[in-house]
Amino acid sequence: MSADLIDLGGESRSAESFVTFLDQICERFELDHAAYAGTDPISGTVHGYANYPYDWKSHYRENGLHRIDPTLHVARRSIAPVDWSRLDRTSDFEKTFRDAHDFGITDRGLTIPVRGPYGDIGMLSVTRGCGVDEWETLAARVLPALQSVAVHMHDTVMRSDVLSRALRYPALSKREREILQWIAAGKSQQDIGDILGISHRTVEVHLRSGREKLYSLTTPQAVGRAIMLGLIYPL
């Protein structure tokens, strides 16, 4: 991860609610700290919230540790939760957690990845300073619930985060929106070609492009998603 890290925790009053939510996660599941990190596949930006101590967050950001943090790098390539105890003890691991220990942050934790419909990835990380046996017992007990919490956190951030607007509002061309609008009105590709004065093959080219931008396998899915996003209107 070579892109910038943006701490959204102080951006607005609404952002404070996400940090409060992380505090509630810790209280409910008997954890020390929790953090959410999201990656934007368009810009590569890493953004998120954390209830770690301010000094550690500042050190982490100023030293660009997100670029080497194995809890993020491994999790973003995984579909399953990543227990930090199973991470390879690479130089990046040693650097990240040597610094973390200096700020009283444990290496006992796990990261739960969440994959969104537009190529977006969210990761919920939690920690607990305790012995191995205690951690394994706790992790096994809370993991199922935390997976649901991670999905909720990611979906909520993606609906509210300014940085994700480019993901949620694909840059459809005027022609792509126009054709999808006619599809929504019940017109066939041949009808649309006649209306717009273009060939039905050209209509299909624009439809294919629109489906790709909307991450849809079928035209009905693309139309439904475009309506949901307010790019076209139901008729």
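Filtered by the rule that a residue be of a type in the set (F, W, Y) and at pLDDT 95 or above, the range 171-215 gives a lone residue, W182. The residue that is farthest from G116 (Cα to Cα), among those in the range 180-227 that are of a type in the set (K, R) and either touching a strand residue (DSSP E or B) at 6+ places or on another chain (Cβ under 8 Å) or surrounded by 19 or more Cβ atoms within 10 Å (Cβ to Cβ) (or both), is R211.
Against the criterion of being surrounded by 14 or more Cβ atoms within 10 Å (Cβ to Cβ), under 23 Å from the mean Cα position of the chain (by Cα) and part of a helix (DSSP H, G or I), V151 qualifies.
Of everything in the range 23-47 that is modelled with pLDDT under 90 and farther than 18 Å from S58 by Cβ, the residue that is surrounded by the fewest Cβ atoms within 10 Å (Cβ to Cβ) is G44. With respect to the stated conditions, Y118 fails to be buried (at least 17 other Cβ atoms within 10 Å of the Cβ), outside any loop (DSSP other than H, G, I, E, B), within 23 Å of the chain's Cα centre (by Cα) and at pLDDT below 95. For the range 122-140, the count of residues that are surrounded by 17 or more Cβ atoms within 10 Å (Cβ to Cβ), in contact with a Pro (Cβ under 7 Å, 6 or more places away or on another chain) and within 21 Å of F21 (Cα to Cα) is at least one.
The values are calculated or read from the model by the stated rules, or taken from the named source; none is laboratory data. Keep in mind that what you see is a predicted model, and the values were worked out from it rather than measured. Backbone-built Cβ (ideal geometry, glycine too); neighbour counts: all protein chains shown.
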